[in-house]
Each structure stands twice: as C-alpha cells, then as structure tokens.
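*Asks:* Got a structure for you, written out below as structure tokens; questions coming shortly.
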Amino acid sequence: SYTPEMVCEGFLQQLWGQLKQQNIHPTQAIFTVPVEAFERYLDWFRDLAPKLGLESLQIIDESTAAALGYTIQRPGSLVLVIDFGGGTLDISLVRTSPTEGRNSTLKAEVIAKSGAIVGGEDVDQWIMEHYLRSQGIGLEGINNTAKQALLNIAENVKTSLSTKETAKESWYDDETFTSYEISLNRDELEGILEERQFQEQLRGCLDEVLTFALSRGIDKPQLERVLLTGGTSMMPAVRQLVVSYFGKAKVAYHKPFEAVCHGALCLCLLYT
C-alpha cells in the first residue's frame, strides 16, 4: 500500500540519485506548484529538503513562474496566464508580488481564476472520431491497439497543423492488414473544434475571469500581458481567439513549454 506522498517522494529521490550518478550535485532546488496550492502540499515540499541533502529549497507558483519566464519581473504587474495542456484549461489573473527572502515561497496574488476539463487529448480524440466517421467505422469497429495508434497519429496531425496548413499521417495495422490515413487542413480542424464547442469553452472561461476582474475594478486595458503556456496553446485556433480578445501587442506565446521552467530558474538570477 502506497500513499501519493510516498510515490512522489520515491520518484523525486530516484531523480536525485540519477543526478548524483552523473556527478551532478545541486546545491539549490526550486519547485513549481499550482496557483493556490494547499499549505499542506507546500509543507511537504519543504520537508523534502533535508531528505535530498539540501539546506533549503524554494517554491514558486506556476503563474508567477510563467510571468518571470516571459521576463515580467516588475512587482504589481497584472498578468493573465492561460495554461492549456493535455487535459485541462487553467486561466489565472494574477498580480505579481515582490520576491522575498531566499527561503521564502514566492507567490502571486490570485485575483480571478477559471478553468475547464478540456485539452489536447480531447482534440486528439475528436480528430480520430471525425476520421472514423468519414470512413464509416464506429469506435467499436477497432481494437485497442488501433485506437491508440490512431490517437497517436491524430496528435501528430494536430501538432503539425500548428505550423502547417495541411497535415497527413498514416499507420498500418499488421494484425488486420488495414491501412489508416488521417489527413486534415486547418479549416477542417477548426470545423471539428467548432462542432465540439472547443472555442466556446475557452470564451466562456475568459469571460468568467474578465467579469470577475471587472467586479474588482479591473478591466482589460489594465492587463499588462497575456501569457500562453502548455502544448494546446500552440493551436492556431487558440492563439487567434486570445489575440482577438486582448490584441496582438499584449499576447505572448513563444515559450509554451519552457516559460514555467525558465521562470523558476530566474529566481537564481534574482538572488545572485
């Protein structure tokens, strides 16, 4: 019987052991955590320091890390962070706080927050189902191996459409001697997203955050930046919608994967 804490601690200690095997001996550790993480969760991280042989470690929430990663370091900045990953959409309007002592937890003031259980994995599923319908095949007509393979090539098609107008991926089933090929262009993908009310869910979450912010006396012109993180934020449909809401000058999306990591590393620079 294993608790979640035991599993996470074992995982981190294995990583730490692998670093030492490579003759890498960190003297400092920074962990990123969700916005408004529970104090008990934060305490668990702090208690890890002696177990990893560290005098101390730092904790930073992911919205603040994303802001720092996009080089926003002025205390009091109003930043909207849109984290759109594989399974969830998380939107946080935060006000950046000044950094404190070396052993402190760096936090941002959360002004408004919204989210939805939708992400890149859902888009992969929709693309696969769209393809199967076009071939007159139901989900019950394919086995689990074929389903997983089709989800993989659907993801590849989706990813390619972030930079290309058209994309095509194929897979051959050795068991049934069946060939599958998914081919889409951006307009077709947007049609699938509209059919599944993907953009509507994003609009709804944005409206919810902005409405709550307005009730606190904050309107859109006061936002300094709008930052996109997570793989699903790379989709043109997502970027276009966000730009239409806030204007191109305010939206930054060039660091979808590394912004949080870079922001955490910025703490080292701020203290040296």
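The values are calculated or read from the model by the stated rules, or taken from the named source; none is laboratory data. Just so it is clear, the structure is predicted and the values come from calculations on it, not from any experiment. Positions of Cβ are generated from backbone atoms using ideal geometry, with glycine treated the same way; all protein chains shown enter the neighbour counts. Quick note on the areas: whole protein, heavy atoms, side chains included, nothing else; ligands and nucleic acids left out. Shrake-Rupley method; radii C 1.70, N 1.55, O 1.52, S 1.80 Å.
To keep it simple, each residue is scored yes or no on (1) of a type in the set (Phe, Trp, Tyr); (2) under 30 Å from PRO26 (Cα atoms); (3) at pLDDT below 85; (4) open to solvent by 10 Å² or more (accessible area, probe 1.4 Å).
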residue	(1), (2), (3), (4)
SER56	no, yes, yes, yes
GLY69	no, yes, no, no
ARG74	no, yes, yes, yes
ILE82	no, no, no, no
GLY86	no, no, no, yes
ARG95	no, no, no, yes
GLU100	no, yes, yes, yes
VAL110	no, no, yes, yes
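*Asks:* Further, regarding this structure: With the requirement that a residue be closer than 14 Å to GLN13 by Cβ and small (Gly, Ala, Ser), what does the stretch 28-61 give you?
*Replies:* Residues satisfying the conditions are ALA29, ALA49, GLY53.
*Asks:* Separate question: Which pairs have Cβ atoms under 9 Å, sit 6 or more apart or on different chains, and link a residue in the stretch 67-78 that is within 16 Å of CYS261 (Cβ to Cβ) to one that is acidic (Asp, Glu)?
*Replies:* GLY69/GLU258; ILE72/GLU224
*Asks:* With respect to VAL243, determine if the residue is among the aliphatic types (A, V, I, L, M) and either modelled with pLDDT of 95 or more or over 18 Å from THR96 (Cβ atoms) (or both).
*Replies:* yes
*Asks:* A further question follows. Please go through (1) assigned to a helix (DSSP H, G or I); (2) within 28 Å of ILE60 (Cβ to Cβ); (3) modelled with pLDDT of 90 or more for GLY263 and return the number of the only condition it doesn't satisfy.
*Replies:* Only one criterion is unmet by GLY263, namely (3).
*Asks:* Being modelled with pLDDT under 95, over 30 Å from LEU42 (Cα atoms) and among the hydrophobic types (A, V, I, L, M, F, W, C) narrows it down to one of ILE127, ILE91, ILE142, ILE153, so name that one.
*Replies:* ILE142
*Asks:* Of everything in the stretch 180-233, what is closer than 23 Å to LYS255 by Cβ and either of a type in the set (D, E, K, R) or open to solvent by 70 Å² or more (accessible area, probe 1.4 Å) (or both)? Give them in sequence order.
*Replies:* Of everything in the stretch 180-233, those that are closer than 23 Å to LYS255 by Cβ and either of a type in the set (D, E, K, R) or open to solvent by 70 Å² or more (accessible area, probe 1.4 Å) (or both) turn out to be ARG186, LYS220, GLU224, ARG225.
*Asks:* Let me ask something else about it. Pick out the one residue from SER179, SER162 that is outside any helix (DSSP H, G or I), at pLDDT below 95 and within 19 Å of ASP122 (Cα to Cα).
*Replies:* Going through SER179, SER162 in turn, the sole match is SER162.
*Asks:* Another question, then. Does VAL157 count as crowded, with 17+ Cβ neighbours inside 10 Å, more than 18 Å from the chain's Cα centre (by Cα) and hydrophobic (A, V, I, L, M, F, W, C)?
*Replies:* yes
*Asks:* Just give me the residues in the stretch 138-151 being assigned to a helix (DSSP H, G or I) and surrounded by 14 or more Cβ atoms within 10 Å (Cβ to Cβ), in sequence order.
*Replies:* If the condition is that a residue be assigned to a helix (DSSP H, G or I) and surrounded by 14 or more Cβ atoms within 10 Å (Cβ to Cβ), then ALA146, LYS147, ALA149, LEU150, LEU151 are the ones that fit.
*Asks:* I'd like the full set of residues that are surrounded by 12 or more Cβ atoms within 10 Å (Cβ to Cβ), in contact (Cβ under 8 Å) with a residue 12 or more places away in the chain, under 13 Å from LEU54 (Cβ atoms) and of a type outside the set (Phe, Trp, Tyr), limited to the stretch 1-38.
*Replies:* Across the stretch 1-38, the qualifying residues are LEU12, GLN13, PRO26, GLN28, ALA29, ILE30.
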